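S.K.: Take this structure, written in structure tokens, and hold onto it; I'll ask about it next.
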Amino acid sequence: WYRIDPNTYIEYSGQKYFIKNVDNYTLGQKIRKECGVRYLRLHFPSIPNNAKYINVKENVKNGWEWNGVTIR
């Protein structure tokens with residue numbers, strides 16, 4: 001199983017923008033691991049238009065993180 005933690009956030013210029021929701025899933029709820037490709041659409045508050053790089057982090061112990069994600 002896996003889950004999208006409700007403390008997941010985008011970090012830009014020292015500011016944290018916490019996740020609002022995920023299409024078709026409940027934040028924090030266990031999702032049964034299934035075979036095949038899984039697409040998830042994560043929704044966050046708007047960040048400044050001039051952002052070129054962001055970090056995406058799961059704010060839990062041993063959580064995942066993507067640093068330096070190019071968005072432009």
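The values are calculated or read from the model by the stated rules, or taken from the named source; none is laboratory data. Just so you know, these numbers come straight off a predicted model, no measurement behind them. Neighbour counts are summed over all protein chains in view; Cβ atoms, including those assigned to glycine, are modelled from backbone coordinates with ideal geometry. Ligands, DNA and RNA are stripped out before the accessible areas are found, and what is left, the full protein with its side chains, is counted by its heavy atoms. Shrake-Rupley method; radii C 1.70, N 1.55, O 1.52, S 1.80 Å.
S.K.: Applying the selection to the range 16-58, what residues are within 10 Å of the chain's Cα centre (by Cα), under 16 Å from residue 4 (Cβ atoms) and open to solvent by less than 100 Å² (accessible area, probe 1.4 Å)?
M.R.: Let us first name the residues in the range 16-58 that are within 10 Å of the chain's Cα centre (by Cα), namely 17-22, 40-44, 55-58.
Subset that is under 16 Å from residue 4 (Cβ atoms): 17-22, 40-44, 56-58.
Result: 17, 18, 19, 21, 22, 40, 42, 43, 44, 56, 57, 58.
S.K.: Let me ask something else about it. How many residues are within 15 Å of residue 14 (Cβ to Cβ) and among the hydroxyl-bearing types (Ser, Thr, Tyr) if we restrict to the range 29-60?
M.R.: 1
S.K.: Among the residues of the range 1-15, write down those that are under 9 Å from the mean Cα position of the chain (by Cα) and closer than 13 Å to residue 48 by Cβ.
M.R.: If the condition is that a residue be under 9 Å from the mean Cα position of the chain (by Cα) and closer than 13 Å to residue 48 by Cβ, then 10 is the only one that fits.
S.K.: Further, regarding this structure: In the set 66, 1, which member is among the aromatic types (Phe, Trp, Tyr) and surrounded by fewer than 10 Cβ atoms within 10 Å (Cβ to Cβ)?
M.R.: Values: 66 fails: surrounded by fewer than 10 Cβ atoms within 10 Å (Cβ to Cβ).
Just a single option satisfies the conditions, and that option is 1.
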